[in-house]
Amino acid sequence: MRTLLLALSGLGLIASILPSQAADLAVRRPVYKAPATVYAPVLNPWTGLYGGINGGYAAERFSGDIPRISTGDGFIGGQLGYNWMAGSWLYGLEGDIQGTFGHVGTASGTCLGVACTANGRINGFATARGRIGTTFGSGLLYLTGGAAFVSTGAQVFTPAGSDENKGEWKVGYTVGAGYEQMLWDRWSAKFEYLYLAADGPSLTVAGTGYSVTTQAHVFRVGLNYHF
């Protein structure tokens, strides 16, 4: 009988210990894990200051008191601008400057009724423009226009002599359109067309003045970083 009572007491002690151990196991603290790094894209990358580089080709035409000259130059330069957003509409200002590289165009004919030969090329150009467009997804379609600043080098040869102007900056205008695509985070790429028109330099031979007008169709691509 004594043995039976001891056995029952032992079972009761074991039964009282097991729930407390199970409770200790149940409240064991979980292993700490560092939160995963989440990529947070710019909420509106179009808004604000941006800048970048551009390059392309300019199909040039010179006319006025000289024979019409058609030629073309490659160019490279940079741009700086600022955008504002109103819903899906974008409004902005942009300035740029480019230097050209290529060859001089030449044409023969008459200059104010006198046989002559003329040379011409655009040495460089710059613009100060407004932009207005609409965004859709990660793309931007826009119109642009404003002032153009063009440096034209020209030379004229007549039986009475010749005159050369290596280039002076003249003010004109420009209009165009473009498409810009956001690539990743703060970077975008664009394709743009501009039409430029401005007066060219004045040339004088034997007291006779010859004026030059400059036009260009500009095709370029660019890369921008949005600050």
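Here are a few things to note about the model shown:
- Of all residues making up region 116-136, the number that are surrounded by fewer than 19 Cβ atoms within 10 Å (Cβ to Cβ) and of a type in the set (D, E, K, R): 0
- Per-region count, region 65-122, residues assigned to a strand (DSSP E or B), over 19 Å from residue 194 (Cβ atoms) and among the polar types (S, T, N, Q): 5
- Checking 102, 113 one by one, the residue that is surrounded by 13 or more Cβ atoms within 10 Å (Cβ to Cβ), closer than 23 Å to residue 203 by Cα, modelled with pLDDT under 95 and among the small types (Gly, Ala, Ser) is 102 and no other.
- Only residues that are more than 15 Å from residue 81 (Cα to Cα) and either of a type in the set (S, T, N, Q) or modelled with pLDDT under 95 (or both) were counted across region 184-198, and they come to 2.
- Of all residues in region 183-207 being out of contact with any strand residue (DSSP E or B) (no Cβ under 8 Å at 6 or more places or on another chain) and not charged (D, E, K, R), the one that is surrounded by the fewest Cβ atoms within 10 Å (Cβ to Cβ): 207
- Among residues of region 156-178 that are in contact (Cβ under 8 Å) with a residue 60 or more places away in the chain, those with a Cβ under 7 angstrom from a residue that is hydrophobic (A, V, I, L, M, F, W, C), sequence gap 6+ or separate chain, pair up as 156/66; 156/111; 156/116; 156/118; 156/203; 156/205.
- Every residue from region 152-168 that is farther than 15 Å from residue 105 by Cα, surrounded by 18 or more Cβ atoms within 10 Å (Cβ to Cβ) and of a type in the set (Ser, Thr, Tyr): 158
- Within region 70-99, tally of residues that are more than 26 Å from residue 170 (Cβ to Cβ) and surrounded by fewer than 17 Cβ atoms within 10 Å (Cβ to Cβ): 8
The values are calculated or read from the model by the stated rules, or taken from the named source; none is laboratory data. Only a predicted model underlies this, so the values are computations on that prediction, with no experimental measurement involved. Positions of Cβ are backbone-derived with ideal geometry, glycine not excepted, and every protein chain shown enters the neighbour counts.
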